[in-house]
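The values are calculated or read from the model by the stated rules, or taken from the named source; none is laboratory data. What you see is a predicted model; the values in this text were computed from it and never measured. Using ideal geometry, Cβ is built from the backbone for each residue, glycine included, and neighbour counts are taken over all protein chains shown. Just so you know, the surface numbers come from the protein's heavy atoms only, side chains and all, with ligands and any DNA or RNA stripped out. Shrake-Rupley method; radii C 1.70, N 1.55, O 1.52, S 1.80 Å.
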Amino acid sequence: MDRLRILCLDRQVRQMLCIFLLLAVSQGIAGRDYRTSILRQAAEKLGIEQQIDKAPEGKTSGIATSSGPKVAVRIDTHGTVEHIGLPLFSTVMRKETPSPVYDCLESALLDRCVLLTENDLLLQKIQFYKGSWKTLFDILPSDACSITIQDKKYYQVVWSRNGGEIANVVVPIDYELLSVCSRRELEKNFVQYMARYQADSKSALPKETDPQLAKAAMQLEMQLSSYERQTVSVPLRQWISYCESQGCTTSIKYVDSDEAIVKAYVLEQNDAMGYHHLLELNWQTEELDSPSPQVKGKALLFIPNNDKI
């Protein structure tokens, strides 16, 4: 009889667990993916994780916080949270003149005015010629805003009101600062997202791309800044398409080498963020004549544009 009661109790516990898990998923408790650890920390400190879990995908939502103003949260079409910040720029401005400085300044303003994170040294790179973080906190939707790039080294953002300048901010073109993320985490995300990226089979490739090379499967050794090595197999078209979706422009250069071996470099340059990726590819001359060409290579990710190799 005791054994029967134990079995019944065990069955009830299992049923309750199943119901809880179903309710958790339906209520969004399972949680969303966050593009960076800093974004997840921001959501946790603001106490808005459950609101984010319920927010629509593919758009920016305004989410109220218990300890401060409403924050802007953008979730991509795959359900990943890619931005949390205090709104500074209009939807129209973001659409007409895209720039990485928007997310950077909105995230930094949230950090300076609401949160206190380990990003202090990183955010100190942002300099004010006029005004302060408090000034930005008081920016009005009606205030005029202009953004210019100076010497290909930094963004200069100026707000004015009634014809007078109220804030003048300089943001270096530094990809870790602009993405509010470390190089190591950016590399990790790149490998993960690039590997699952769905490239359009009709997407354009640089005119210098050998037609057979476009069909090749690349065996790449990813040389990461942590001194780790990761090997991935990916078509060249997928690599290029993903990099260009992140704002890169592609160029390919072929290098004379041994007659039996062909070498090429694929450069992915992102001037807006201040980095580039570099592929070094090698293959046997006859390899591209096969139905399924195989190319081996090495990849270096997120090289600062002021670094020379």
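Test of understanding: express the Cα radius of gyration of the chain as a ratio to 2.2 N^0.38 Å, with N the residue count.
Working: Rg = 24.3 Å, N = 309, 2.2 N^0.38 = 19.4 Å.
For the chain, the normalised Cα radius of gyration is 1.25.
If you take every residue apart from TYR34 with its C-beta less than 12 Å away from the C-beta of TYR34, what net charge results, scoring Lys and Arg +1 and Asp and Glu -1? Walk me through the numbers on the way to the answer.
Values: positive: ARG32, ARG35, ARG40, ARG74; negative: ASP33, GLU44, GLU49, ASP53, ASP76, GLU82, GLU185.
With Lys, Arg at +1 and Asp, Glu at -1, the neighbours total -3.
Among 104-111, 41-48, how do they line up from the highest to the lowest mean number of other beta-carbon atoms within 10 Å?
104-111, 41-48
Got a number for carbon plus sulfur as a percent of region 206-309's accessible area, 1.4 Å probe?
Values: 2680 of 5570 Å².
Of all accessible area on region 206-309, carbon and sulfur atoms account for 48 percent.
Of the accessible area of region 40-191, with the probe set at 1.4 angstrom, what percent is carbon plus sulfur? Don't skip to the answer; put the middle values down first.
Working: 3940 of 7780 Å².
Of all accessible area on region 40-191, carbon and sulfur atoms account for 51 percent.
Compute the relative contact order of the chain as a whole-number percentage, counting only Cα pairs closer than 8 Å that sit 6 or more residues apart in sequence. Don't jump to the answer; show the numbers that get you there.
Details: 494 pairs, mean separation 32.5, N = 309.
Worked out over the chain, it gives 11 percent.
Taking +1 at the Cβ of each Lys and Arg and -1 at the Cβ of each Asp and Glu, which of ALA272, PHE89, PRO206 sits farthest along the dipole of the chain towards its positive end, judged by Cα position relative to the Cα centre?
Farthest towards the positive end: PHE89.
For labels at PHE137 and LYS45 in the simple 7 Å Cα→Cβ model, what's the distance in nm?
Placing both labels 7 Å along Cα→Cβ, they lie 1.4 nm apart.
Given R₀ = 30 Å, FRET efficiency for ASP289-VAL232 by Cβ-Cβ distance, to 0.05?
On the way: r = 25 Å, r/R0 = 0.82.
According to the calculation, E is roughly 0.75.
What's the Cα-based Rg to Rh of region 78-135, Rh via Kirkwood?
Values: Rg = 12.5 Å, Rh = 12.7 Å.
Over the Cα atoms of region 78-135, Rg/Rh equals 0.98.
Given the Cα-Cα distance of SER90 and LYS296 and 0.36 nm per residue of separation, how much length would full extension add, in nm?
Values: separation 206, 0.36 × 206 = 74.16 nm, distance 4.53 nm.
Residue separation times 0.36 nm, minus the Cα-Cα distance, leaves 69.6 nm.
Need one number: nm distance between label points at TYR265 and THR77, each 7 Å from Cα along Cα→Cβ, rounded to one decimal.
3.5 nm
Helix-derived [θ] at 222 nm for the chain: sum -39500 (n - 2.57) over DSSP H runs of at least 4, divide by residue count, nearest 500?
Numbers: 11 runs with 102 residues, N = 309.
Taking each H run of at least 4 residues, the total per residue is -9500 deg cm²/dmol.
Skip the ligands, DNA and RNA, and give the accessible area per residue of the chain with a 1.4 Å probe, whole Å².
Values: 17810 Å² over 309 residues.
Heavy-atom accessible area per residue stands at 58 Å².
With a 10 Å radius around each residue's Cβ, average the other Cβ atoms per peptide and rank 199-208, 227-236, 264-273, 182-191, highest first.
Order by mean packing, descending: 264-273, 182-191, 227-236, 199-208.
Set the bar at 25 Å for Cα to Cα. Now go through LYS153/LYS207; LYS202/LYS253; LYS54/LYS202; LYS130/LYS153; LYS95/LYS153; LYS70/LYS95 and name every pair that lies beyond it. Intermediate results must be reported in sequence, preceding the final value.
Details: LYS153/LYS207 30 Å; LYS202/LYS253 22 Å; LYS54/LYS202 35 Å; LYS130/LYS153 19 Å; LYS95/LYS153 23 Å; LYS70/LYS95 21 Å.
In this structure, LYS153/LYS207; LYS54/LYS202 exceed 25 Å between Cα atoms.
Would you kindly state how much longer the chain becomes between LYS59 and GLN198 on full extension, computed as 0.36 nm times their sequence separation minus their alpha carbon distance, in nm to one decimal?
Details: separation 139, 0.36 × 139 = 50.04 nm, distance 2.05 nm.
This chain segment gains 48.0 nm when fully extended.
Among LEU122, MET194, ASN282, flag the residue with its Cα farthest along the positive direction of the charge dipole of the chain, charges on Cβ as +1 for Lys/Arg and -1 for Asp/Glu.
Sorting the options by dipole projection puts first LEU122.
Along the Cα→Cβ direction, 7 angstrom out, place labels at ASP33 and VAL255. What is the inter-label distance in nm?
3.4 nm
Where the only charges are on Cβ atoms (+1 Lys, Arg; -1 Asp, Glu), what is the dipole of the chain about its Cα centre, to the nearest 20 debye?
On the way: 35 positive and 39 negative charges, 217 e Å.
For this selection, approximately 1040 debye.
Set the Förster distance to 30 Å, then compute FRET efficiency between PHE128 and LYS152 from the Cβ-Cβ distance, nearest 0.05. Walk me through the numbers on the way to the answer.
Values: r = 21 Å, r/R0 = 0.71.
With R0 = 30 Å, the Cβ-Cβ based efficiency is 0.90.
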